[in-house]
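J.: Got a structure for you, written out below as structure tokens; questions coming shortly.
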Amino acid sequence: MIPPTYPYTTLFRSVGVVDGGINTDSAEFTGRIHQDSNDFAGSRGIKDEGGHGNAVSSAIAAAKNGTGAHGMAFDASLLVLRTDTPGSCATDDPDDPDDDGCSHLSSAIAAGINQARISGARVLNISLGGDSAGSQVRNAIASATAAGTIVVVSAGNAGNAAPDGFAAEVAASGNGLVIIAGSVGETNGISTFSNRAGTQAANFLTALGERVRANDHEGTAFLWSGTSFSAPQISGAAALLAQAFPNLTGTQIVQLLLTSARDAGVAGTDDVYGRGILDIAAAFQPQIGRATV
């Protein structure tokens, strides 16, 4: 899912990542960690302890530096919004999408989302899930999207017929600027673990979420699986479009990603793949009615 090189504007764009932090020593992010990055669940700084946060950030924006794999938006600024509860993170198994010992309180997630709005993040990635988002998160999402921030949230990894409650509530609060991310494998079939689109089909998009190569918090490369890793593919694609076409609104970018998706499953929007599979090359092609480009 790494796109070819496109001509960017020089306008600096930031992607917010609500997760477990980042490897601050990694050369993959040198000079691109936003000054407003912070720990919203404690006072530990933003250094990742479990690996999940750094891997998600790598999938979005690891540098194109000739080593390892580079992220989708490899020159974007990263606003690191650390929200994992102190002491909760265990070693994550990259091959098991359900094995993530980190927990995140709604209050911390909401604080991170609010910071993304205050800092002007164009895109916000939330590779987290659960049964419910809670009122604090819903209110923060409503405010962030009202300010124009695009939000991409993972659908969940239970193999259910619809996204988990957290994703559904985020989407319902999102003023049309939320994309729910499902996972496909290398052959473009829906991942067995991925929650399906269900009633969220209109704003559901799939992307590669199986065996995504990214570094953990110690700089070791793993192949990660889960909708946590399809979401950053879509977030990175949104950031690319914002860089290349700065006049596009958040609503236009979301619609461009959804309408340019490669159809899969039943023809048209369906309850498994939603709008289809992310196709960043198609999104960069001239679009009917895209007069602002």
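The values are calculated or read from the model by the stated rules, or taken from the named source; none is laboratory data. This structure is a prediction, so every number in the text was calculated from the model and none was measured. As a convention, Cβ positions derive from the backbone with ideal geometry for all residues, glycine included, and neighbour counts pool all protein chains shown. What goes into the accessible areas is simple: the full protein's heavy atoms, side chains included, and nothing from ligands, DNA or RNA. Shrake-Rupley method; radii C 1.70, N 1.55, O 1.52, S 1.80 Å.
Residue by residue, here is whether (1) closer than 18 Å to L79 by Cα; (2) not aliphatic (A, V, I, L, M) holds:
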site: S119; (1), (2): yes, yes
site: N139; (1), (2): no, yes
site: V170; (1), (2): no, no
site: G174; (1), (2): no, yes
site: L177; (1), (2): no, no
site: G182; (1), (2): no, yes
site: E186; (1), (2): no, yes
site: S194; (1), (2): no, yes
site: T199; (1), (2): no, yes
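J.: When you check S230 against the structure, is it polar (S, T, N, Q), without any contact (Cβ under 8 Å) to a residue 40 or more places away in the chain and touching an Asp or Glu at 6+ places or on another chain (Cβ under 9 Å), yes or no?
T.: Criteria not met by S230.
J.: Kindly establish whether G265 is surrounded by 18 or more Cβ atoms within 10 Å (Cβ to Cβ), over 18 Å from L124 (Cα atoms) and of a type in the set (G, A, S).
T.: Yes; evaluated as a whole, the condition is true for this residue.
J.: While we're looking at this one, here's another question. Hey, does the range 269-281 have a residue that's of a type in the set (D, E), modelled with pLDDT under 95 and within 26 Å of A62 (Cα to Cα)?
T.: no
J.: Taking strands (runs of 3 or more DSSP E) that fall entirely within the range 109-224, which contain at least 1 residues that are modelled with pLDDT of 95 or more and open to solvent by 20 Å² or more (accessible area, probe 1.4 Å)?
T.: 204-208
J.: Do any residues in the range 236-263 that are within 25 Å of A55 (Cβ to Cβ) have Cβ atoms under 8 Å from those of residues that are assigned to a helix (DSSP H, G or I) and open to solvent by 50 Å² or more (accessible area, probe 1.4 Å), where the two are at least six apart or on different chains, and which pairs are they?
T.: none
J.: Against the conditions (1) over 20 Å from A155 (Cβ atoms); (2) open to solvent by less than 30 Å² (accessible area, probe 1.4 Å); (3) assigned to a helix (DSSP H, G or I), where does T251 fall short? Just the number, please.
T.: (2)
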